[in-house]
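Novice: Sharing a structure below in C-alpha cells format, with a few things to ask.
The values are calculated or read from the model by the stated rules, or taken from the named source; none is laboratory data. Note that the structure is a prediction, hence the values are computed from the model and not measured. So basically every Cβ, Gly included, is an ideal-geometry build from the backbone, and we count neighbours across all protein chains shown.
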Amino acid sequence: MSVSKFKDKYRRMSSILIHEREQTDDDLEPNSKRVKLDGQPEAESILPPSHALLGIPLPTAAPGQPINFTEGDVGIFEYVSKGTPKVEAIIKQRFTDFLVYEVDLDGNVVHLKDIGKPKSSENSTEANTSIPTDDPTEAEKLDESNLDAQEPWPEQFTTSLSTILSPEKTSELKQFYLDGLDSTRAESLQSSGKTGRGQPRKVENVQRDNSEILSDPISSKETRTTLHQTIRRLFKGKLDSEVEKSKSSTAADGGSRIIIRWARKSNRREGRGAPRGTYPPYIHFTLQKTNRDTQDALGHLSRLLHASVKDLCVAGTKDKRGVTVQRVSFKRGNKTVDDVWKIVNGIHPRKPAEVALKQRGERGIRIADLNYRKASLELGMLKGNSFVITLRNVKTQSVEALEQAMSSMRTKGFINYYGMQRFGTASVPTHAIGLALLKSEWHKAVSLILSVRPGEHPEITAAREAWLKDSDLDRALELMPRRVVAERCLLESFKKQKGDTRNAMGALSTIPKNLRLMYVHAYQSYVWNAIVSQRIRTYGTDKPVVGDLVFQDESEIQDPETANGLDEEVESEPRQKKSRKAWNLPRVKTLTEDDLERYSIFDVIMPLPGTDVAYPGGELGEKYCEFLRMDGLDPDNFIRKQKDYTLHGSYRKIFHLPREVSWSVMRYTDPDVALAQADEDKLLGFDAPITDEDGMFMALQVQLTLGTASYATMALREITKTDTSSHHQTTLTHASEDQKYRSLEKDGEAQ
C-alpha cells in the first residue's frame, strides 16, 4: 500500500475517532461484556495513523512470531555525522559491558567506596558520619548536609554562597533564613497557646513571613544555574529560587535577578536540630545493581527491610541491562545504619559479616557507604550519568575510522533522540497505548495491554491466553507474575467486577499513575523523535534556522522528566514524592534572521506536544500539527476530563554534547571474559580484567558523561550507525564471530 493510500485511510479513521466522546465513571462505554483478542494484533491496528507520514512500510511478522519494531517506527532516522564510516559492533553483550555511575548535583561521580560495616555509635556526632572519602573537597561538601542537622546556618553555607553572591547579599540571605526559622517558632507557640516551657501565653501580631530576597543582576546563565542548584542543595527544599520575570530589570542591569523565598510547604522548624532524637530520619546509601531495573531493585530492598517501597527514593532510574551505581534514600523509621547494612547483606549467626564481605551481593544487589541524612532524595537531584561502555566484535575500515567517529562524538555530539527502551521491547509499543489513552479509547488501551505478545515468557503467555481464550480470570491471575504490573491490575479489576469489563476506564485507573503516564509520555516521545528527524532532514545539523525555538533563559530550565514525575523505568506503584517546586514551563523564543548569529545548534529545542507549548515556526510547525491531527489530536488542546491524561508539554534540546569523552581499543578472544570491572568486584579483590594483545577480536571501550534524560544508546547509535532495537542487537550477537568461536570451543571440548 502506498504512502498516499495510507494517508487517505488514516485520515478517514481520524475523522471518525476524533469525535469519540470522553467517558466518566458514571458514563460507561457500551461494549460487550469482556474485551477479548483472539491473538496478536497486526501492526496496522497497533501503530498510530501518523506512522504513514514516516515514509516507511508497516512492520510485519510471521504467524506466531513477534512484530519487530525498528528505530524508524519510533521516528529515529538521522545522524549528525553521516560522512563517518559505519562501525559494526555489539552493544551490551555482557552486563559489565555497560557500567553506569550517577553524577550528583555537586558533579561527583558516585562509586561504591566502603562495603564494610557502617561507622556508627550511640552518639549523634558519629551518627552523622559522612561517606568515607579521600577527597577533602568532597568530604567538605558531604559534611555540609550533616551540619545542617545540628545548627541552622553552618559556616559551609557562607563559604558556598560567597562564590556566587556578594558578601552583602550572603549576609542578607543568612538573616532572612534565620528570621524565617524564628518566625515559624513563634507561629508554633501561638497555635499551641503555650510558651517554650509549656506555660500558657498569648502571642500577638505574628504574621506569616512572605518576604523574599532579590539577588544582584547575574548575566551568566551558568552562574544563575549554579545558584539555583546551591540553594536547593544547602536548604533541602526549604527555600525556592526562580528568575525574576521583570524584563525591564534584566535589560537595565545587564542580567537577570534571582528571587529567593520560603517554599510554600516548607517546614522551617526542620532547621532547628534533628526532628527525631539524635539520628536524622533518613539513611542514604550507595546501591549497585546488576541486571535489575531500578524499581525491581527497590522493591527487593523494601521487602528485605519490611518497609513500603515509597520509603525508598532515588534521584533517577537506571538501565536494567548493565551494572549501575546510584544513591538511594530510605525513610528509616526506627532502623539504624547497622540494621540496614545487616539486613540487606543477610548477616545472621550462620552468615557472619566476614563471609558477606568476600562474595557478591545476593540477587545482584550490593549497598555501601551508609550514613544518616535529614532529607530524602527526590527525582532530578542529579546532574547526569557517567558511562563506561564496551562494544564488542568491532568491525571497521581502520582504527583511523574509529578515531574519526569518536572525534565527531566529542565535538559534534549526537541527536538527543528518545531511545528504544522508551517504547518497550514487546510487540505492542508503549506509545500506541499512550495514544489510545489520550484519545479516551479505553477499551482499545485495555485490549493492547492484554493482547498476546509472541516471544514473552511462557508463564505470561499462558496467563494472557487463560483470560483471552478461556475466560478464566482466576487462572490468569494465578499465572500472571506480579512483575507484570499493568496486566495484573486490569485482571484484578475485572475480578472485582465479577468479570464485567464494561468499565474499561475504571480498570485502567487501577494501574499505577506513573505507569499510565509512561504510556502517554511515550507517545509524546514518538512525536518528538519524528519531528526532530524532519527538522534535521530539511535543515541539517550545522546551525539554527529561522523558526527554530530556543530558551530565553536556561536558568529557568527544569528537567521535564522530573517535573512530570516521569522515569524511564516502569514502577509498580507511585514512589517518589512530588517535587516541592512547581513546574513552570520555561519561556522560549522563535528565532528570526537577526537572532541566528547569537545561537548555536546546541541551543535549539523542540517541544513535546502539550497545551502550553509553542510550536516551531514555518513549515516545520505546520508539519508538527499535521502529525498530531492525523492521530486524531488537537495540537492546541491537550486538556482532558481525566486530569491524569492532561498534557501541558515541555521542551527538549535536539542535540546533546557529551562531556569527558575518551575511548580505547582493546583485543580479546574469549567472549565470556569481562573487559571492564564493576566497583563491587574491585572492592572484593577480584582480579582486574586483562586484555589479550594478540586476541582474535576487537573491542572499543567508550567513556562519556551525559546530562539527565539523554540516552547512552543514542550516543552509541551515532558512533556505530547501527540500529539499537533489542531484536537487531540480539541478531547481531547471535551472528557475531566471537559467539561462533565460543560455539566451536564448546564443540571441541565436547569431543
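Novice: Does G75 satisfy the criteria of being under 29 Å from M630 (Cβ atoms), modelled with pLDDT of 90 or more and out of contact with any strand residue (DSSP E or B) (no Cβ under 7 Å at 6 or more places or on another chain)?
Specialist: Spelling it out, G75 is indeed under 29 Å from M630 (Cβ atoms), modelled with pLDDT of 90 or more and out of contact with any strand residue (DSSP E or B) (no Cβ under 7 Å at 6 or more places or on another chain).
Novice: Additional query: Exactly one condition in (1) more than 19 Å from D319 (Cβ to Cβ); (2) surrounded by 21 or more Cβ atoms within 10 Å (Cβ to Cβ); (3) of a type in the set (G, A, S) is not met by A712; state its number.
Specialist: Exception for A712: condition (1).
Novice: So, in the stretch 323-377, of the ones that are acidic (D, E) and surrounded by fewer than 21 Cβ atoms within 10 Å (Cβ to Cβ), which residue ends up farthest from L287 (Cα to Cα)?
Specialist: That would be E354.
Novice: Go through the stretch 589-613 and report how many residues are closer than 17 Å to I536 by Cα and charged (D, E, K, R).
Specialist: Looking only at that region, the number is 1.
Novice: While we're here: Can you tell me which condition R652 does not meet? The list is (1) assigned to a loop (DSSP other than H, G, I, E, B); (2) farther than 27 Å from S398 by Cα; (3) not small (G, A, S), and all the others hold.
Specialist: It fails just one condition, (1).
Novice: To continue, here is another question. Out of the residues in the stretch 471-500 meeting the condition of being within 22 Å of A426 (Cβ to Cβ) and in a loop (DSSP other than H, G, I, E, B), tell me which one is modelled with the lowest pLDDT.
Specialist: Result: R483.
Novice: P458 passes all but one of (1) without any contact (Cβ under 8 Å) to a residue 60 or more places away in the chain; (2) in contact with a Phe, Trp or Tyr (Cβ under 8 Å, 6 or more places away or on another chain); which number fails?
Specialist: (2)
Novice: Considering only the stretch 343-461, give the helices (runs of 4 or more DSSP H) lying wholly within it that have at least 3 residues that are more than 27 Å from Y79 (Cβ to Cβ).
Specialist: 353-356, 430-438, 442-450
Novice: Continuing with the same structure: For the stretch 52-60, indicate whether the set of residues that are crowded, with 19+ Cβ neighbours inside 10 Å, within 24 Å of R629 (Cβ to Cβ), under 28 Å from the mean Cα position of the chain (by Cα) and not assigned by the TED database to the domain that holds S447 is non-empty.
Specialist: There is at least one residue in the stretch 52-60 that is crowded, with 19+ Cβ neighbours inside 10 Å, within 24 Å of R629 (Cβ to Cβ), under 28 Å from the mean Cα position of the chain (by Cα) and not assigned by the TED database to the domain that holds S447.
Novice: Before we move on, is T390 modelled with pLDDT of 95 or more and surrounded by 23 or more Cβ atoms within 10 Å (Cβ to Cβ)?
Specialist: Taking the combined requirement at face value, the residue satisfies it.
Novice: Also, I was wondering about something else. Take the conditions on the phi > 0 side of the Ramachandran plot and either under 17 Å from the mean Cα position of the chain (by Cα) or hydrophobic (A, V, I, L, M, F, W, C) (or both) and apply them to G322. Does it pass?
Specialist: Taking the combined requirement at face value, the residue satisfies it.
Novice: Next question. Restricting attention to the stretch 675-693, which residues are surrounded by fewer than 19 Cβ atoms within 10 Å (Cβ to Cβ) and either farther than 16 Å from V325 by Cβ or assigned by the TED database to the domain that holds G322 (or both)?
Specialist: Those that are surrounded by fewer than 19 Cβ atoms within 10 Å (Cβ to Cβ) and either farther than 16 Å from V325 by Cβ or assigned by the TED database to the domain that holds G322 (or both): G685, F686, D687, A688, P689, I690, T691, D692, E693.
Novice: Residues of the stretch 616-649 being among the charged types (D, E, K, R) and assigned to a loop (DSSP other than H, G, I, E, B), which ones?
Specialist: D631, D634, D636, R640, K641 - these are the residues of the stretch 616-649 that are among the charged types (D, E, K, R) and assigned to a loop (DSSP other than H, G, I, E, B).
Novice: Would you mind stating whether S376 is in the same structural domain as V702 (by the TED database) and within 26 Å of L99 (Cα to Cα)?
Specialist: In short, no.
Novice: Need pairs with beta-carbon distance below 6 Å; first residue in the same structural domain as R392 (by the TED database) and hydroxyl-bearing (S, T, Y) and within the stretch 696-720, second in a helix (DSSP H, G or I) and buried (at least 18 other Cβ atoms within 10 Å of the Cβ); sequence gap 6+ or separate chains.
Specialist: Taking only residues 6 or more apart or on different chains, not a single pair turns up.
Novice: Testing P458 on (1) at pLDDT 95 or above; (2) over 27 Å from the mean Cα position of the chain (by Cα); (3) not hydrophobic (A, V, I, L, M, F, W, C), one condition comes back false. Which one is that?
Specialist: Only one criterion is unmet by P458, namely (1).
Novice: Could you list, in sequence order, all residues of the stretch 90-125 that are modelled with pLDDT under 90 and in contact with a Leu (Cβ under 7 Å, 6 or more places away or on another chain)?
Specialist: I90, I91
Novice: OK, next. In the stretch 414-435, which residues are of a type in the set (G, A, S) and in contact with an Asp or Glu (Cβ under 8 Å, 6 or more places away or on another chain)?
Specialist: A426
Novice: Do we have K653 as crowded, with 16+ Cβ neighbours inside 10 Å, within 25 Å of the chain's Cα centre (by Cα) and under 13 Å from I531 (Cα atoms) here?
Specialist: yes
Novice: For A401, work out the one condition from (1) closer than 30 Å to Q677 by Cβ; (2) among the small types (G, A, S); (3) under 25 Å from the mean Cα position of the chain (by Cα) it doesn't fulfil.
Specialist: Against the list (1) closer than 30 Å to Q677 by Cβ; (2) among the small types (G, A, S); (3) under 25 Å from the mean Cα position of the chain (by Cα), A401 comes up short only on (3).
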